[in-house]
Amino acid sequence: MSLKTERLTLGYGDRRVIEALDLEIEAGRMTAILGPNGCGKSTLLRALARLAAPMAGRVTLDGDDIHATNTRALARRMAILPQDPLAPDGVSVGDLVRRGRTPWRGFLSPWSDADARACADALAAVAMTDLAERTLNELSGGQRQRAWLALVLAQDTPLLLLDEPTTFLDLVHQLDLLSLLRKRNLETGQTVVSVLHDLNLAARFSDALVLLGRSGIVATGAPEAVLTSDNLKAAFGLSARVDPDPVTGKPMVIPL
């Protein structure tokens, strides 16, 4: 699904953090949004997910303005994992994941085999099957993050929007999560857009990068074109060397 912004301006009150942004997220690819704190990464992702209203411009999904699209219809096309998701006290992992099936079910619709399979597959994908009966408040931060990821996987949409999905995860689980998303992307063509902080993981797992600075987009495109010493200096004020990763050949950022 092609996701575009057209002259998109975002901000809070009188403060603008994104100004007249034209951006296209290509369907069937993994795209990472990068940039320093306060540059508008999460604000942009929230706007792409219709969680933040534009000050000007619009966001379209396959040509349709997302703010003019029926909520249930949009929830069947995109799923969002926000930065700080909230759940009612005492909810179990299994109950949380089952909520991902809401867009596909009517008010009185019976629970179907397809719903059960989607939830079971999502729990298995994040290695949480054995914890399905545990409540969220019994879990570690990393386990909670994987439970929330299972919810959006169970929603089974062609587009995933993830705000810092590796938060609270140790390096092994970060690699597992991004490997899982990459596997699903390659096998199903699911479009994945993530806000990430780790430049090297973003380069390793993404087809395209969007690098923001304090004054908007610094660069977009393939990791090799975006992660250059000049672009990192412009976006972060960071002096860095960029060499090929000895394992993947993708850009590897080495701060100086």
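The values are calculated or read from the model by the stated rules, or taken from the named source; none is laboratory data. As the structure is a computational prediction, the values presented were derived from the model and not from experiment. Methodologically, a virtual Cβ is constructed for each residue, glycine included, from the backbone with ideal geometry; neighbour enumeration extends over all protein chains shown. Only protein heavy atoms, including side chains, enter the accessible area calculation; ligands, DNA and RNA are left aside. Shrake-Rupley method; radii C 1.70, N 1.55, O 1.52, S 1.80 Å.
Pull up region 71-88, narrow it to residues that are modelled with pLDDT of 90 or more and part of a loop (DSSP other than H, G, I, E, B), then point me to the one that is farthest from V192 (Cα to Cα).
R76
If you scan region 1-56, which residues turn out to be farther than 26 Å from R72 by Cβ, free of Cβ contacts under 8 Å to residues at least 60 places away in the same chain and open to solvent by 40 Å² or more (accessible area, probe 1.4 Å)?
R7, Y12, G13, D14, R15, R16, D22, N37, M55, A56
If we scan region 161-169, do we find a residue that is in contact with a helix residue (DSSP H, G or I) (Cβ under 6 Å, 6 or more places away or on another chain), among the aromatic types (F, W, Y) and at pLDDT below 95?
Checked against the condition, which is being in contact with a helix residue (DSSP H, G or I) (Cβ under 6 Å, 6 or more places away or on another chain), among the aromatic types (F, W, Y) and at pLDDT below 95, region 161-169 yields at least one hit.
Go through region 14-30 and give me each residue that's in a strand (DSSP E or B) and basic (K, R). Walk me through how you get there before you give the answer.
Let us first name the residues in region 14-30 that are in a strand (DSSP E or B), namely 15-25, 30.
Within region 14-30, R15, R16 qualify.
Given the residues T69, T60, T102, which is the only one that is β-branched (V, I, T), open to solvent by 30 Å² or more (accessible area, probe 1.4 Å) and without any contact (Cβ under 8 Å) to a residue 60 or more places away in the chain? It would help to see each step written out before you state the result.
Values: T69 fails: open to solvent by 30 Å² or more (accessible area, probe 1.4 Å); T60 fails: open to solvent by 30 Å² or more (accessible area, probe 1.4 Å).
On inspection, the qualifying residue turns out to be T102.
Over 18 Å from L96 (Cα atoms) and open to solvent by 20 Å² or more (accessible area, probe 1.4 Å): does that describe T166? Full working, then the answer.
Values: over 18 Å from L96 (Cα atoms): yes; open to solvent by 20 Å² or more (accessible area, probe 1.4 Å): yes.
So T166 passes the test.
Would you pick out the residues in region 137-157 that are assigned to a helix (DSSP H, G or I) and either basic (K, R) or surrounded by fewer than 21 Cβ atoms within 10 Å (Cβ to Cβ) (or both)? Talk me through it step by step, then tell me what you get.
Here is the first cut: in region 137-157, the ones assigned to a helix (DSSP H, G or I) are 137-138, 141-155.
Of everything in region 137-157, those that are assigned to a helix (DSSP H, G or I) and either basic (K, R) or surrounded by fewer than 21 Cβ atoms within 10 Å (Cβ to Cβ) (or both) turn out to be N137, E138, G141, G142, Q143, R144, R146.
How do the pairs read when you match residues in region 242-254 that are among the hydroxyl-bearing types (S, T, Y) with residues anywhere that are open to solvent by less than 40 Å² (accessible area, probe 1.4 Å), using Cβ under 9 Å and keeping only pairs 6 or more apart or on different chains?
Hits for this filter: T248/A203.
So, in region 202-224, of the ones that are of a type in the set (S, T, N, Q) and surrounded by fewer than 23 Cβ atoms within 10 Å (Cβ to Cβ), which residue ends up nearest to L162 (Cα to Cα)?
Taking region 202-224 as the starting set, the residues that turn out to be of a type in the set (S, T, N, Q) are 206, 215, 220.
Remaining after also requiring surrounded by fewer than 23 Cβ atoms within 10 Å (Cβ to Cβ): 215, 220.
Working: S215: 23, T220: 18 Å.
Applying the filter and picking the extreme gives T220.
Would you point out which residue out of L171, L199 is without any contact (Cβ under 8 Å) to a residue 24 or more places away in the chain, more than 22 Å from V93 (Cα to Cα) and open to solvent by 10 Å² or more (accessible area, probe 1.4 Å)? Give the steps one after another, and end with the answer.
Working: L199 fails: without any contact (Cβ under 8 Å) to a residue 24 or more places away in the chain.
Just one listed residue meets the conditions, L171.
What number of residues within region 89-105 satisfy the criterion of being within 13 Å of R72 (Cα to Cα), part of a loop (DSSP other than H, G, I, E, B) and modelled with pLDDT of 90 or more?
So the first thing to find is which residues in region 89-105 are within 13 Å of R72 (Cα to Cα), and the list is 100-105.
Still in the list and also part of a loop (DSSP other than H, G, I, E, B): 105.
Next, from what is left, pick out any that are modelled with pLDDT of 90 or more: none.
Final tally of qualifying residues: 0.
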